[in-house]
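Below is one structure; the comments refer to it alone.
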Amino acid sequence: MKTVWLPILSVLLFVNGLLAETPPATVDEAAKAIDFSKFKLVNPVEDSTTSCIASQSYRAKGDVDQVTNEISKQLTAAGFKQAEGATITPAYASAVFLKDGFSVSLSIFPSGDNQSVQVALRNHGNVNLEKIVASDKLQKTYALPGSVMYTTKLSPEDARKLIRQELESQKWEWFGDTTVSFFMRQNAVRLQVMVNQSPAQPGTTAIQISSEQLSTELPIPSKATMIQYADINGGMIMDSTQSTPELVADLRQRFEKLKWKSTTDNLVKVGIHDHLIFRNNKEELADCEFFEFDGKSRCKISYQTKEQVDRENALAKKAAMDAEAKSKAAAEIKKVTISPIAGAKVKSKNQISIQTKSGGAAAILKAWLDNMKADGWKLESTVDTPQVAELSLEKDGVKLSITLVDPGFIPGEIEIRADKNCEIIPGR
């Protein structure tokens, strides 16, 4: 693959000229451009893959150049065009691919075992970040697909207020905070806005806005105070100042607006928390768990794709069938015929005992065990002396427990016990 080196400004002009000025993409629109949950893996190392519609990460066998070439071919075949400015070296590869306004980043670096590389593919959505904020108080310093940076003489606090107001005026909604940034979301595109005092320029505030395509579009309550979201599994945790009934009603209305329907009219108690499950026409599932936390109402949403739901249902069905088969097997009485042993008396269907002369139990037991082993039984012993013995025999899933007590001054006793679903039949 040819490596192209260009000044950053040239890259920006080329790339951003291709980005479309369209509304932020929905999940379906993003999946139409590329669905990384179905994108072919290149020589994957087993059990190393995490993927969803908007991203893919895994280890691949091969070196940086080989794997980069293969993935680039696949993206090109899917209609993407590689932007200028790619960097490919033995130490790492970084490239951007464009299609219908969407930008996808590819990064690859060695895993450290000299046999594989780590691959990361990320859809950054279709938002033209150069035009997302328009203010004469901001000076743009650079722009790349998925990222733009500004400087301003405003304080960090005032800059944050300005950016948030600008985005909210364009129908972006608040989507959570970190200690150094805040998030905004519209449809299925999330923006991360980082605002900091520039260490190199006293009195100057640096602003970086980056975009990320999301794989889900789950609703946000109207009075949320905290949002945590993980796109790799679609999970979300939200705190609200609403009471739990108010939060439930609010989310139900917002889910229905997005064409999700609850599977029950009322909350269902699972363990100690209340749950409400929603499904949509794509057969996806959102399990909303409600509980109080730190004086606020909290909702934890566990999201599953149709494939994940089908897989879980199949596992549950198999587990139920296995449990039913095990239950039936346990209910069936197995008749266990054992080798003849002198003096055997039936104490119950699964237990027999033998009394012997003092000092004679060990010889009787040894002769019987030899016959049982000859019949295919496997012997294990915990304690084995002429006075005290604890043994077990096993064959075809049936286990017999044997104890011997013969202290030498009273009659000896041998006891043979089977599982409750077994009936011991002494041979003759």
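A few remarks follow.
- Sum of side-chain charges, Arg164 neighbourhood, beta-carbon under 12 Å (Lys, Arg +1; Asp, Glu -1): -4
- Taking the centroid of alpha carbons for each part, the stretch 341-403 and the stretch 299-326 are 44 Å apart.
- Overall form of the stretch 8-123 per C-alpha gyration tensor (a/c, 1.5; a/b vs b/c): oblate
- Cα lying deepest toward the dipole's positive end in the stretch 8-123, options Ala95, Ser72, Gln115, charges on Cβ: Ser72
- Spatially proximal lysines relative to Lys328 (Cα-Cα < 16 Å; intrachain offsets below 8 disregarded): Lys318, Lys420
- Karplus-derived 3J(HN,Hα), 6.51/-1.76/1.60, for each residue of the stretch 56-66, Hz, glycine and proline x: 8, 9, 6, 9, 10, 6, x, 9, 4, 5, 4
- The chain, dipole about Cα centre (Lys/Arg Cβ +1, Asp/Glu Cβ -1), debye to the nearest 20: 660
- Straight-line cross-link partners of Lys257 among the aspartates and glutamates, defined as a Cα under 13 Å from its Cα and at least 8 positions apart when in the same chain: Glu217.
- Percent antiparallel among DSSP beta bridges (both partners in the stretch 334-426, rounded to 5): 85
- For the stretch 86-122, backbone nitrogen atoms closer than 18 Å to the point 7 Å from Glu46 Cα along Cα-to-C-beta are found at 115-117.
- When the listed pairs Lys334/Lys373; Lys61/Lys81; Lys171/Lys300; Lys81/Lys223; Lys81/Lys131 are checked against a 31 Å cut-off, the alpha-carbon distance exceeds it for Lys81/Lys223.
- Relative contact order %, the chain, counting alpha carbon pairs below 8 Å whose residues are six or more apart: 9
- Environment charge of Gly146, counting only residues whose C-beta is closer than 10 Å and scoring Lys/Arg +1, Asp/Glu -1: 0
- Reach of Lys335 by Cα under 16 Å, taken over aspartates and glutamates that are not fewer than 8 positions away in the same chain: Asp375, Glu394, Asp396, Asp419, Glu423
- DSSP beta bridges confined to the chain are antiparallel in about 95 percent of cases.
- With a cut-off of 15 Å between beta carbons, the residues surrounding Asn114 carry a summed charge of -1, where Lys and Arg count +1 and Asp and Glu -1.
- Angle between the chain longest axis and helix 156-169 axis [Cα atoms, degrees, rounded to 10]: 90
All of the numbers you see were taken from the coordinates with simple rules; none came from a lab. Predicted, not measured: the structure shown is a model, and the values here were computed from it. All Cβ positions, even for glycine, are placed from backbone atoms using ideal geometry, and neighbour counts span all protein chains on display.
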